[in-house]
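For reference, the structure discussed in these notes is given below.
The values are calculated or read from the model by the stated rules, or taken from the named source; none is laboratory data. Keep in mind it's a predicted model, so treat the numbers as computed, not measured. For neighbour counting, all protein chains shown are included, and Cβ atoms are generated from backbone atoms with ideal geometry for every residue, glycine included.
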């Protein structure tokens, strides 16, 4: 409980001095006290159960008092909801009424996202090269200029590129398509309202994000910030995790600190200025654990049985549900590989914890040909095309996980959802 006064500086600890030393000795934090069962905490700390419950209730009441809410969700202290919010930014009613999203300009994709990409959050699009990440970011940058009745914010967009300058040719194609779809929108979407800058290295990126981004948001009325991609400079300058002499470990530690600061900064900007932060992220191949050596002894089966529950708690097992790859494939077609090469988004768990939502863009090859037998021509597979899916991995406003995939294609006018193909399609 050494963190109690950090979380609640005004908490009356003198009333519980007979409990705190035992809790600290057994490494029980404030989070443990609030999330674990009181009986379990009592056993670990060897303290009376009723005392633990009283302390837990006091901490909960103090936290609610800090937020200005009571146990039933109403504002505490007998003050009307409109007069006092404590430390809450908005009431629940205000949050619902102020909910704003940026459309992908496709009904099926928006339906899966429950309206589009919301403001006030960090949303990540992750996937392989040519999976469609930049296409989504460019489309959203133009869609943000549309009025709310057409799925926009009536605001400008800021595009931060880290690998190559923004593709103005592709942006012009998308703009022409959007203008033809919404000819009556005034003022019409324009490339002039897509501000762009390129960050060639990590130092420039940090300077722009820390000192210039907030100024640009306020000065130019920015409603959406796109970063393409968030991992490029980190991987280029701090990617040496296996260096000798502790260099790799130092780089990893520095990267974790930098990522936490970046996540905190982007969350602050998203909430304070009610902008949508959309980032593209790269992926790397994931290599699973080596299969156990075959053994006919009876002891090996018992060992496997006893270690299986522990394996479920490992990161290698659980990451399948927050990376976007690994939770059962194929998605739609039995012709796809049963176990495709799984991917892992860059920047690890540290960056994942900074996100509000992750959207995986998955692509799979389609092989075949007129003269092909079992997808092979002359003993070699012939690549016909690529199939792509948008999959919501996790999001607080939309259903995520397996079953949320929407197949899409990249057209001149942007990303468009397609009908699910049949087995013979």
Do we have residue 160 as over 25 Å from residue 387 (Cβ atoms), buried (at least 20 other Cβ atoms within 10 Å of the Cβ) and out of contact with any helix residue (DSSP H, G or I) (no Cβ under 6 Å at 6 or more places or on another chain) here?
yes
Of the conditions (1) at pLDDT 95 or above; (2) buried (at least 16 other Cβ atoms within 10 Å of the Cβ); (3) over 23 Å from residue 221 (Cα atoms), residue 202 clears all except one; give me its number.
(1)
Could you pull out the residue among 141, 177, 103, 172 that is surrounded by 14 or more Cβ atoms within 10 Å (Cβ to Cβ), assigned by TED's automatic domain parsing to the domain that holds residue 359, more than 22 Å from residue 357 (Cα to Cα) and at pLDDT 95 or above?
177
